[in-house]
Ligand code: GLN
């Protein structure tokens, strides 16, 4: 059962071939057999999950509007607030934090009848690309356990790849859904900024953060997006834009779709095997009737520098709330209020989080604000403009999701800049607020390669259609990690 997709399991559930309680139990068996090796989960919620499964079975039996996710066991990244269930952001700061409310996305998934298996490991406060910044333990890549699963949603990607969750949620500020999806050979979608409510997602960089699915195939991504998309009064940046039934986008047809290959992301710095796989995917789309053109987005070269001013600036402000006063860790060692603040933050945050807070505070400080932060905002506009121009010539853009396949644990932890460069293809998309999806398109020495499809704002349907067509005509999504 654990190998099947949500849409396959839905058929079995509605036809009473299996029950959700059986399915959920099977998934916990799978977790017991794999998670010691992968370490994808930080918290398991078995008792609660079995109750949810029982309720789902009743809903399926009485026919009380079961949805395609009713009874489907899923995993939630540990920066989504879950009422009464620990939400740690893989940080010592929130090690024992029990949120008093659910994130809107969690509420929506529960209302749809999904069964929550547990919470997944991540880079602390979503800062990282390898899951090695978790304060608890690193997660391992199911395809090769000496390699990282990517990050920051590494736990979510790894449990989907290890078949120890049917699907999972992630968040993506600079690539945190797509990069681990690519490294773990699963599908990951970062929707348009504002498409999905961020209420209850612990904020990292609020103008960039967006929630999305990590799934075994494109159809399942459409199913989860159907549930989580939409305006929310509790998130002022969520947009009032109609939510289509994303399933209707799943057509095997790319005729006349103009796909632009991004020249800057197929040059030096991209591993030859990755380049070859992406060019192969473009040839395949051309054979299916798409028109492939080459486009240039020259300001991409400034994207990483821009991101590492804007994201830390926003993070330094968002993380100011962890002061030991209202919730989270509080140092036992203090003489007065100020030393309590100091010691709480010194003990509670890991090295990367401290680095980001310092970078951000510096970029925002008087005298440097104009030179760094304001300038970065201007470059952000240039990057957005490059995308606008490219979309005059094509309907979608394509690139590798990552410059390399998954790297070895420890390979980049001593060199932050090398780590930052693994998001070279994903970060520009967040800066422009656009939707993008990663799906498997190849394999190099036993490790998956991801193809990134980027669309204009609210073009999720076109992205899903092209991804679905590619998937229907290739077999990458049918291969899985052996563990
Ligand atoms: N790896 C990037 C960073 O460290 C992006 C992380 C994310 O998308 N949350 O900031």
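The values are calculated or read from the model by the stated rules, or taken from the named source; none is laboratory data. The structure displayed is predicted, hence computed values, not measured ones. Counting neighbours? That spans all protein chains shown, and the Cβs are built from the backbone with ideal geometry, glycine included.
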Practice prompt. Give me a count of the residues in the stretch 340-360 that are within 16 Å of the ligand (Cβ to nearest atom), closer than 12 Å to residue 93 by Cβ and touching a residue at least 12 places away in the same chain (Cβ under 8 Å).
Written response: 4
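Specify which of the listed residues (184, 147, 131) is within 12 Å of the ligand (Cβ to nearest atom) and closer than 30 Å to residue 466 by Cβ. Show your work before the answer.
On the way: 184 fails: within 12 Å of the ligand (Cβ to nearest atom); 147 fails: within 12 Å of the ligand (Cβ to nearest atom).
Just one listed residue meets the conditions, 131.
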Worksheet entry | Criterion: touching a residue at least 24 places away in the same chain (Cβ under 8 Å), under 23 Å from residue 161 (Cα atoms), part of a loop (DSSP other than H, G, I, E, B) and touching a strand residue (DSSP E or B) at 6+ places or on another chain (Cβ under 7 Å) - qualifying residue of 481, 467, 406 | 406
Discussion item. Which condition from (1) part of a helix (DSSP H, G or I); (2) farther than 11 Å from residue 113 by Cβ; (3) in contact with a helix residue (DSSP H, G or I) (Cβ under 6 Å, 6 or more places away or on another chain) is the one that residue 57 breaks?
Written reply: (2)
Item to complete: Name, by its number, the condition in (1) within 16 Å of residue 106 (Cβ to Cβ); (2) crowded, with 24+ Cβ neighbours inside 10 Å that does not hold for residue 218.
Response: (1)
Worksheet item: Quick check: is even one residue across the stretch 58-77 under 30 Å from residue 407 (Cβ atoms), within 16 Å of the ligand (Cβ to nearest atom), surrounded by 19 or more Cβ atoms within 10 Å (Cβ to Cβ) and under 23 Å from the mean Cα position of the chain (by Cα)?
Response: yes
Practice prompt. Return the pairs, sorted by first residue and then second, in which the second residue is modelled with pLDDT of 95 or more and surrounded by 13 or more Cβ atoms within 10 Å (Cβ to Cβ), the first residue lies in the stretch 285-299 and is at positive phi, the beta carbons are less than 6 Å apart, and the residues are 6+ apart or on different chains.
Written response: 289/254
Practice prompt. Scan (1) within 15 Å of the ligand (Cβ to nearest atom); (2) at pLDDT 95 or above; (3) part of a helix (DSSP H, G or I) for the single condition residue 461 breaks and write down its number.
Written response: (1)
Worksheet item: Among (1) surrounded by fewer than 20 Cβ atoms within 10 Å (Cβ to Cβ); (2) within 15 Å of the ligand (Cβ to nearest atom), where does residue 419 come up short?
Response: (1)
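Being within 16 Å of the ligand (Cβ to nearest atom) and under 15 Å from the mean Cα position of the chain (by Cα), is that true of even one residue in the stretch 213-227?
Of all residues in the stretch 213-227, those within 16 Å of the ligand (Cβ to nearest atom) come to 213-214.
Of the ones still in play, those that are also under 15 Å from the mean Cα position of the chain (by Cα) are 213-214.
Yes: the stretch 213-227 contains one or more residues that are within 16 Å of the ligand (Cβ to nearest atom) and under 15 Å from the mean Cα position of the chain (by Cα).
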Response to the item:
Residue hits (the stretch 427-453; in a loop (DSSP other than H, G, I, E, B) and either more than 15 Å from the ligand (Cβ to nearest atom) or touching a strand residue (DSSP E or B) at 6+ places or on another chain (Cβ under 7 Å) (or both)) are 434, 435, 445, 446
Practice prompt. Sort through 374, 337 and tell me the only one that's out of contact with any helix residue (DSSP H, G or I) (no Cβ under 6 Å at 6 or more places or on another chain), away from the ligand (no atom under 16 Å from the Cβ) and under 28 Å from residue 301 (Cα atoms).
Written response: 374
Fill in: Check on residue 315, in contact (Cβ under 8 Å) with a residue 40 or more places away in the chain, within 16 Å of the ligand (Cβ to nearest atom) and over 30 Å from residue 293 (Cα atoms)
yes
Worksheet item: Of the residues that make up the stretch 95-108, is at least one outside any helix (DSSP H, G or I), within 16 Å of the ligand (Cβ to nearest atom), buried (at least 24 other Cβ atoms within 10 Å of the Cβ) and in contact (Cβ under 8 Å) with a residue 12 or more places away in the chain?
Response: yes
Practice prompt. Tell me which residues, restricted to the stretch 440-476, are more than 13 Å from residue 249 (Cβ to Cβ) and surrounded by 24 or more Cβ atoms within 10 Å (Cβ to Cβ).
Written response: 440, 441, 448, 449, 450, 451, 452, 454, 470
Worksheet, complete the sentence: Of the conditions (1) within 22 Å of residue 208 (Cβ to Cβ); (2) away from the ligand (no atom under 16 Å from the Cβ); (3) in contact with a strand residue (DSSP E or B) (Cβ under 7 Å, 6 or more places away or on another chain), the single one that residue 122 does not satisfy is (2)
